[in-house]
Amino acid sequence: MHIDQESAAFIALVQASAGAAGAIVASAALQPVEVAKTRIQISTGGDDSTWATIRKIAAQDGVLGLWLGATGKCTENGAKNFAYFYIYDGMNAIVKRHMALTTLVKLVLGYVAGVGNTLINMPLEVISTKMQLDDAKGIGTLGMLHRIVQNEGVGTLYTGLGYNIALCINPAIQNTILDKLKEAILGAMKRRNPGVAPALTAFQAFTLGAFAKAVATVVTYPLVRLKTNLQAGKVPTIERQPSLRKVTSKLGHGMERSGSVEMIRAMSFREDKEVEKASLWQRFVELYRGVGSALLKSTLQSALLYMVKDQVEFSVERIFRLSAEGFYRKTGQLKLGGFSGRPLAS
């Protein structure tokens, strides 16, 4: 069977499979940082050092405590990246046949892919976030799903949906920066050696992935932290500040939350310090509480993901090609064991 390597579906499948493989490897390797990051983001005081938090978790729960929720997180990231790259690269392959892929077009395609991915995989994200908390020990992915649905309702699986839709700009920014830098580097390589097919080294892919994710993380971090708090069931409020009036909205199973602006303001104060004494700079710094662990985790994960994805992409494409050739004849007829494409009845 002839395989059209320019087919949008084939390109999307290869990229999605390679992206999912990279995401699973990166998630498994960085789960301790992910657990520490989640604990820091939902805290409102105390030490926010990544390594101090990791040591504390290891001392309290043992080394295995650092991989709390690893199955759920690997499943979530594998599924999310498969869906994202399938939609994103599929749309890229189609759109570039009709128009130039400018920075704006890339951003729009990345955002649309992010929205589609969010709607498909958000329940997995909520489950994996809750599985990293102290009260989730010994509960598997299905067990956590059952507990959420039974205690809080199905709607809780889409907690923070609006924030996630807004945060789809994060992968859009990341992939646009990555694609543009990759395009520039490969273009320079091709100009230097016209007869050689250009390709990024593992180190180049690692560095580009880390840089692109760092920019996207810093730009969107306050909203990321707010979303994490909501999914963990930790609604940011300041009881000591009467001026922060609650704007009521439902958050599943009768829970009330403050309006977005009020919650973000609440996150800018430390619980263990007087609200009135907090300066504007201190509040800004507190708003980015845990950004160090978030940057460490997200940049390393993104760097590992793109490094693995870039290296296994050819292997994945080769596997698909060989699989298709094994099941189909050159005429396009399906091989059926001993009949080998002959009519079943003669």
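The values are calculated or read from the model by the stated rules, or taken from the named source; none is laboratory data. It should be emphasised that the depicted structure is a prediction, and the values quoted were computed from it without experimental measurement. Note: ideal-geometry Cβ built from the backbone for every residue, glycine included; neighbour counts use all protein chains shown. In case anyone asks, the SASA skips ligands and DNA or RNA and just uses the protein heavy atoms, side chains included. Shrake-Rupley method; radii C 1.70, N 1.55, O 1.52, S 1.80 Å.
Apolar share of the accessible surface for the stretch 48-114: 68 percent from carbon plus sulfur atoms, 1.4 Å probe.
Extension gain, Val108-Ile94: 0.36 nm per intervening residue step, less the Cα-Cα distance, totals 3.6 nm. By the equivalent-ellipsoid construction on the alpha carbon gyration tensor, the stretch 49-207 comes out with semi-axes of 37, 22, 12 Å, ordered largest to smallest. Could you work out the percent of alpha carbon pairs in the stretch 151-237 separated by over 21 Å, rounded to a whole number? So the portion of pairs separated by more than 21 Å is 50 percent. The slack in the chain from Arg283 to Ala59, taken as 0.36 nm per residue of separation less the alpha-carbon distance, amounts to 77.5 nm. For the cross-link pairs Lys182/Lys297; Lys227/Lys297; Lys80/Lys180; Lys80/Lys227; Lys37/Lys130, which exceed 20 Å when the distance is taken from alpha carbon to alpha carbon? Pairs exceeding 20 Å: Lys182/Lys297; Lys80/Lys180. Averaged over its residues, the stretch 60-143 has an accessible area of 45 Å² per residue, based on protein heavy atoms and a 1.4 Å probe. Placing +1 on the Cβ of every Lys and Arg and -1 on the Cβ of every Asp and Glu, with nothing else charged, gives the stretch 94-199 a dipole about its Cα centre of roughly 760 debye. Working ranking of peptides 166-173, 183-190 by packing, defined as the average number of other Cβ atoms within 10 Å per residue, highest first, is 166-173, 183-190.
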